[in-house]
1. All but one of (1) out of contact with any helix residue (DSSP H, G or I) (no Cβ under 6 Å at 6 or more places or on another chain); (2) assigned to a loop (DSSP other than H, G, I, E, B) hold for residue 332; which doesn't?
2. Under 7 Å by Cβ, and 6 or more places apart or on different chains, what pairs join a residue from the range 375-398 that is closer than 18 Å to residue 229 by Cβ with one that is surrounded by 11 or more Cβ atoms within 10 Å (Cβ to Cβ) and of a type in the set (D, E, K, R)?
3. Say whether the condition of being out of contact with any Asp or Glu (no Cβ under 6 Å at 6 or more places or on another chain), within 16 Å of residue 234 (Cβ to Cβ) and aromatic (Phe, Trp, Tyr) is met by at least one residue in the range 332-348.
4. Kindly indicate the residue of the range 360-381 that is in a loop (DSSP other than H, G, I, E, B) and within 21 Å of residue 322 (Cα to Cα) and also modelled with the lowest pLDDT among those meeting that condition.
5. Pull up the range 330-359, narrow it to residues that are hydrophobic (A, V, I, L, M, F, W, C) and at pLDDT 80 or above, then point me to the one that is surrounded by the fewest Cβ atoms within 10 Å (Cβ to Cβ).
6. Restricting to the range 119-135, and then to whatever is at pLDDT 90 or above and touching a helix residue (DSSP H, G or I) at 6+ places or on another chain (Cβ under 9 Å), can you tell me which residue is nearest to residue 166 (Cα to Cα)?
7. Just to verify a result, which residue in the range 29-46, among those that are touching a Phe, Trp or Tyr at 6+ places or on another chain (Cβ under 7 Å) and among the polar types (S, T, N, Q), is modelled with the lowest pLDDT?
8. Inspect the range 180-196 for any residue being touching a residue at least 60 places away in the same chain (Cβ under 8 Å), assigned to a helix (DSSP H, G or I) and of a type in the set (Lys, Arg) and give the result as yes or no.
Amino acid sequence: MDIFVARQPIFNCSNEVVAYELLFRNGQNNFYDNTNGDEATRNVIANSFYAFDFKSVTDNRKAFINFTEELIKEEIATILPSDYVVIEILENIEPTDEVINACKKLKNKGFTLALDDFVFDKKYMKLIEMADIIKIDFKITKGYERKKILELKKVNNKIKFLAEKVENKEEYDEALGLGYSYFQGYYFSKPIVLSTKDIPTNKDTALKILKLINKEDFEFNHLEDLIMKDVGISYKLIKLINSSAFFMKNKVTSIKYAISLLGRKEIVKWLYVVLLNDLKENNTNELLKVSLQRAKMCEAISNMSGYNERSYSAYMVGLFSVMDAILGCPIEVILKELFLSDEIKEGLIEEANSLNKILKLAIYYERGQWEKVTICAEEMQIDINKLAGAYLESVKWTDETLRT
């Protein structure tokens, strides 16, 4: 499944790119189709951070992202790295006490706040006092008003002004001469649409997770079980933990460890963003079925071969073994983005590794390569007669998992 996000560069006075605004797109057509604002922002977050490599999307610069009133009040931004994200407060947001308090929390967490498409009104004074950047739409704001708005520095002398929708050199020269700090618009660059492959989420699993996390007292063990039944969610969760939002010293050894690092409140917010975005697509393809079936088979083989203590790693090796086919990218490249334990990584790519032998046996069996099955089973001292039962059980478990 192809997914999309657009980026438009933001320049400083020296014509250097200092940030990108990330924009919703649902195809190669380079325009916004008036999608629901909450949905558009969830899509941008989910795609930029958990499908793309965020640092490659932004060239390791800051990302400006539009936030609706609802998402600001829900504090969705706290799942993102504050050093890299600028919260754009949309022009249609009413500065209620709830919104002001939510913005204060974001400021305290280190986020940069920008007022988007700003037109002055006294009701915005509290937002102006805490804002870092004010964006002025040069299509809407004309003549003397482009200069007059800079008087807001008297209210907050730390504010910087960004001229957006700058479409020609005359407008750029005017903004530069007036004292604007940042510039954005077609004069510099149109938004560029980026695309990549995504791993779809199983609808039934997603709905079960959403139902579970709506309970205040849900157990992490139950959540872990559900996430481990969906390769897409597992992959995105590990990518999140590997993002710049976390300074990991130890590699992720389990889904439960990744969940505990986020904490109850943050994992719920993250899951809402990812699952509500993925539910729009509802695509479960054969490769996802293979990944689950293979994971369960690897777990069973691990238990048969005397590696009981490594059954979790065996399951994860099976789960991620078709990632290259799903994403259309070499497994070695994918593993560089994932902060998995060396044991799991080696199980996927090291020929002599015991977990890799377990994976090979599972693959040989599912492909009906019986001569290789016999040789591999004997080498691992596994009763070959038990493999048929384990395979049938993995097929049954996968069908039930995807159906229930």
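1. Result: residue 332 fails condition (2) only.
2. 394/296; 397/296; 398/289; 398/296
3. Yes; the residues of the range 332-348 include at least one that is out of contact with any Asp or Glu (no Cβ under 6 Å at 6 or more places or on another chain), within 16 Å of residue 234 (Cβ to Cβ) and aromatic (Phe, Trp, Tyr).
4. The residue in question is 368.
5. 352
6. 134
7. 35
8. For the range 180-196, residues touching a residue at least 60 places away in the same chain (Cβ under 8 Å), assigned to a helix (DSSP H, G or I) and of a type in the set (Lys, Arg): absent.
The values are calculated or read from the model by the stated rules, or taken from the named source; none is laboratory data. It should be emphasised that the depicted structure is a prediction, and the values quoted were computed from it without experimental measurement. For neighbour counting, all protein chains shown are included, and Cβ atoms are generated from backbone atoms with ideal geometry for every residue, glycine included.
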